[in-house]
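Single-structure report; data block below.
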Amino acid sequence: MKQTTEIRGRGPWQLAYERLRRDRAAIGSAITILIAVLVALSAPLLAQITGHPPTMQFGHTGLGPTGIPVGPGAEFWLGTDGLGRDVLVRIAYGTRVSLLVGVVASGLAVLIGAVVGIAAGWFGGIVDTILSRLMDVVLSLPFLVLALALAALVGPGLGISIFLIAFFSWATVGRVVRAEAKSIREREYVQAARALGAGNAHIMFVEMLPMVGATVIVYATLLIPASIGFEATLSFLGLGVPPPTPSWGNMLADAMAYYKVAWWLLLFPGAALLGVTYAFNVLGDSVRDALDPKHDQTIKPGGQS
């Protein structure tokens, strides 16, 4: 009982940390994400150790006599693809692409959504109306159709993938932050700061933004797997990261021609995509529960929650 009282007396961020530290699902997801980050960072080292650059084709050793990809073995640990390239090395480099797109695109979406949402909630009136209608327009747009059209018009690339994902994702964050900002602006400390002559920028980003920080963090965590999935979809359709740059999406697209005779081409990239996105989703749910002030989970003696 003494331990429970001590934890409840701490700040909300400390209490959230205590909850996450005892959440096995959160710890497992964090370990999975950490492994993915390490794989992405060590991709050049892995290519050097194996002697297989991600775009090099091994026509003699990487393909069978009939031109079929070679299966997992001593030389190619996860087999080769239809061009004789090392699947393991390409998955490692594809992890770099997926994590980069997921983090950067989600960060941009959360940043834009938080700024627009706080501005709409604080100013109200005509500003709120204009920004709210803008968010409604973005949310009503068919993402996949317009993304495919724009990517086809501009051409595939990493930059266009990040732009498309960020553009179609910020409005969701903005709407949620706007609702919280409208509630926060009526609180005493905000009104006190306004009475003392604080400017709009100070009130929005110093007084109000920290109060919506938990929401922003949760949405950032949950947007990352969605962004990774969107990038994989665009690359699968040939409108994301252009070949020969490896991406989980274009690796799965290449596997369609060989999956009946080369099961590893579909299994390993698909498992990487599923595992990382699932880990981020579970971690996002755990962070949401840990930061929820109405969450009734308490830390009990013995480390049980």
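Worth a mention:
- Residue within segment 221-239 that is more than 30 Å from residue 27 (Cβ to Cβ) and of a type in the set (S, T, N, Q) present: yes
- Hits in segment 83-135 (condition: polar (S, T, N, Q) and surrounded by fewer than 21 Cβ atoms within 10 Å (Cβ to Cβ)): 129, 132
- Total residues in segment 269-305, condition farther than 20 Å from residue 28 by Cα, modelled with pLDDT of 75 or more and of a type in the set (D, E, K, R): 0
Results for (1) part of a helix (DSSP H, G or I); (2) under 30 Å from residue 169 (Cβ atoms); (3) in contact with a Gly (Cβ under 9 Å, 6 or more places away or on another chain), shown as yes or no for each residue.
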{"site": "39", "(1), (2), (3)": "yes, yes, no"}
{"site": "47", "(1), (2), (3)": "yes, no, no"}
{"site": "55", "(1), (2), (3)": "no, no, no"}
{"site": "58", "(1), (2), (3)": "no, no, yes"}
{"site": "72", "(1), (2), (3)": "no, no, yes"}
{"site": "75", "(1), (2), (3)": "no, no, yes"}
{"site": "82", "(1), (2), (3)": "no, no, yes"}
{"site": "104", "(1), (2), (3)": "yes, yes, no"}
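- Residue 209 meets the stated requirement of being over 16 Å from the mean Cα position of the chain (by Cα), among the aliphatic types (A, V, I, L, M) and either surrounded by 19 or more Cβ atoms within 10 Å (Cβ to Cβ) or under 15 Å from residue 114 (Cβ atoms) (or both).
- There is at least one residue in segment 241-250 that is buried (at least 21 other Cβ atoms within 10 Å of the Cβ) and at pLDDT below 90.
- Selection count, segment 245-255, where residues are among the charged types (D, E, K, R) and not in a helix (DSSP H, G or I): 0
- Filter result for residue 68 (touching a Gly at 6+ places or on another chain (Cβ under 9 Å) and not basic (Lys, Arg)): yes
- The one condition from (1) surrounded by 19 or more Cβ atoms within 10 Å (Cβ to Cβ); (2) without any contact (Cβ under 8 Å) to a residue 40 or more places away in the chain that residue 154 does not meet is (1).
- Of the residues making up segment 17-37, just one is part of a loop (DSSP other than H, G, I, E, B) and either out of contact with any helix residue (DSSP H, G or I) (no Cβ under 8 Å at 6 or more places or on another chain) or among the aromatic types (Phe, Trp, Tyr) (or both), namely 22.
- One residue stands out in segment 168-186 among those that are assigned to a helix (DSSP H, G or I) and of a type in the set (S, T, N, Q): the one that is nearest to residue 209 (Cα to Cα), namely 183.
Yes/no per residue for (1) over 18 Å from residue 110 (Cα atoms); (2) part of a helix (DSSP H, G or I); (3) over 12 Å from the mean Cα position of the chain (by Cα):
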{"position": "222", "(1), (2), (3)": "no, yes, no"}
{"position": "225", "(1), (2), (3)": "no, yes, no"}
{"position": "235", "(1), (2), (3)": "yes, yes, yes"}
{"position": "243", "(1), (2), (3)": "yes, no, yes"}
{"position": "257", "(1), (2), (3)": "yes, no, yes"}
{"position": "271", "(1), (2), (3)": "yes, yes, yes"}
{"position": "276", "(1), (2), (3)": "yes, yes, no"}
{"position": "285", "(1), (2), (3)": "no, yes, yes"}
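- Selection count where residues are at pLDDT 90 or above and of a type in the set (Gly, Ala, Ser), scope segment 47-61: 2
- If you check 66, 80 for being polar (S, T, N, Q), surrounded by fewer than 16 Cβ atoms within 10 Å (Cβ to Cβ) and within 22 Å of residue 262 (Cβ to Cβ), only one passes: 66.
- Scope segment 187-209; condition in a loop (DSSP other than H, G, I, E, B) and within 10 Å of residue 121 (Cβ to Cβ); matching residues: none
- Qualifying residue in segment 195-211 (condition: out of contact with any Phe, Trp or Tyr (no Cβ under 9 Å at 6 or more places or on another chain), of a type in the set (A, V, I, L, M, F, W, C) and in contact (Cβ under 8 Å) with a residue 40 or more places away in the chain): yes
- When segment 1-33 is limited to residues that are β-branched (Val, Ile, Thr), modelled with pLDDT under 85 and surrounded by 12 or more Cβ atoms within 10 Å (Cβ to Cβ), the one that is farthest from residue 291 (Cα to Cα) turns out to be 4.
The values are calculated or read from the model by the stated rules, or taken from the named source; none is laboratory data. Predicted model only: the values in this text are computed from it and were never measured. Don't worry about glycine lacking a Cβ; one is built from the backbone with ideal geometry, like all the others, and counts go over all protein chains shown.
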